Amino acid sequence: MSETAAASSGPEVRSGGCLPLCGKIRFTVTGPVDDPHICACDHCSKRSGAPFQWWLGFPLAGLVWTGAEPTWFDTHPGKTARGWCPACGTHIAARDYGEDKTIIGILATALDGYGTDPTLVPTNLNRLPEAAPWLTQAG
Ligand SMILES: [Zn+2]
Ligand SMILES: [Zn+2]
């Protein structure tokens with residue numbers, strides 16, 4: 001589906017959620033990808049159980065929850081919250097509080113077909129050496 005969206009001249013629409021786990025969370029995002037990056041900060045590492053998470057930004061106005069909405073936890077109270085599926089634990093999104101915030105953070109792994117969409121390839125590696133110094137040696 002994402003290949004079709006990328007190849008068309010219309011708005012970029014992508015779907016996602018927590019499949020292939022429980023599937024309760026479903027959403028669509030419309031609009032171009034903003035700042036695809038991986039982040040190895042202590043919050044990303046601790047919550048994911050992995051050395052880093054793979055983040056994408058999308059226009060907040062283009063986000064529609066078509067299934068259940070994630071459960072949110074304030075990782076930085078009053079500033080940032082992260083959302084996950086309360087049933088299967090899949091990490092889905094992060095949002096910043098504030099009327100001026102126009103971007104929602106979506107984990108690439110929450111998108112359907114994320115592995116085949118070339119527009120999602122990370123262009124920034126945020127704090128990678130902090131979490132796993134061996135990663136840069138692993139090739
Ligand atoms: Zn789920
Ligand atoms: Zn992070």
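The values are calculated or read from the model by the stated rules, or taken from the named source; none is laboratory data. As the structure is a prediction and not an experimental result, all values here were calculated from the model. For neighbour counting, all protein chains shown are included, and Cβ atoms are generated from backbone atoms with ideal geometry for every residue, glycine included. SASA here: full protein model, heavy atoms, side chains in, ligands and nucleic acids out. Shrake-Rupley method; radii C 1.70, N 1.55, O 1.52, S 1.80 Å.
Please work out which residue is nearest to ligand 2 (Cβ to nearest atom), limiting yourself to the range 61-96 and to residues that are under 24 Å from Val13 (Cα atoms) and out of contact with any strand residue (DSSP E or B) (no Cβ under 7 Å at 6 or more places or on another chain).
Glu69
Those residues that are more than 8 Å from ligand 2 (Cβ to nearest atom) and hydrophobic (A, V, I, L, M, F, W, C), I need them from the range 39-60; list them, please.
Ala50, Trp54, Leu56, Phe58, Leu60
Output the residues belonging to the range 102-114 that are part of a helix (DSSP H, G or I), open to solvent by 60 Å² or more (accessible area, probe 1.4 Å) and either within 16 Å of ligand 2 (Cβ to nearest atom) or free of Cβ contacts under 8 Å to residues at least 12 places away in the same chain (or both). Let's see the steps before the verdict.
Kept after step one, since they are part of a helix (DSSP H, G or I), are these residues of the range 102-114: 108-110, 114.
Subset that is open to solvent by 60 Å² or more (accessible area, probe 1.4 Å): 109, 114.
If the condition is that a residue be part of a helix (DSSP H, G or I), open to solvent by 60 Å² or more (accessible area, probe 1.4 Å) and either within 16 Å of ligand 2 (Cβ to nearest atom) or free of Cβ contacts under 8 Å to residues at least 12 places away in the same chain (or both), then Thr109 is the only one that fits.
Would you please list the contacts, defined by Cβ atoms under 9 Å and residues six or more apart or on different chains, that run from a residue in the range 115-133 that is away from ligand 2 (no atom under 16 Å from the Cβ) and open to solvent by 40 Å² or more (accessible area, probe 1.4 Å) to a residue that is assigned to a loop (DSSP other than H, G, I, E, B) and not acidic (Asp, Glu)?
Correct list of pairs: Thr119/Pro32; Thr119/Val33.
Which of the residues belonging to the range 23-37 are open to solvent by less than 60 Å² (accessible area, probe 1.4 Å), modelled with pLDDT of 95 or more and not in a strand (DSSP E or B)?
Gly23, Val33
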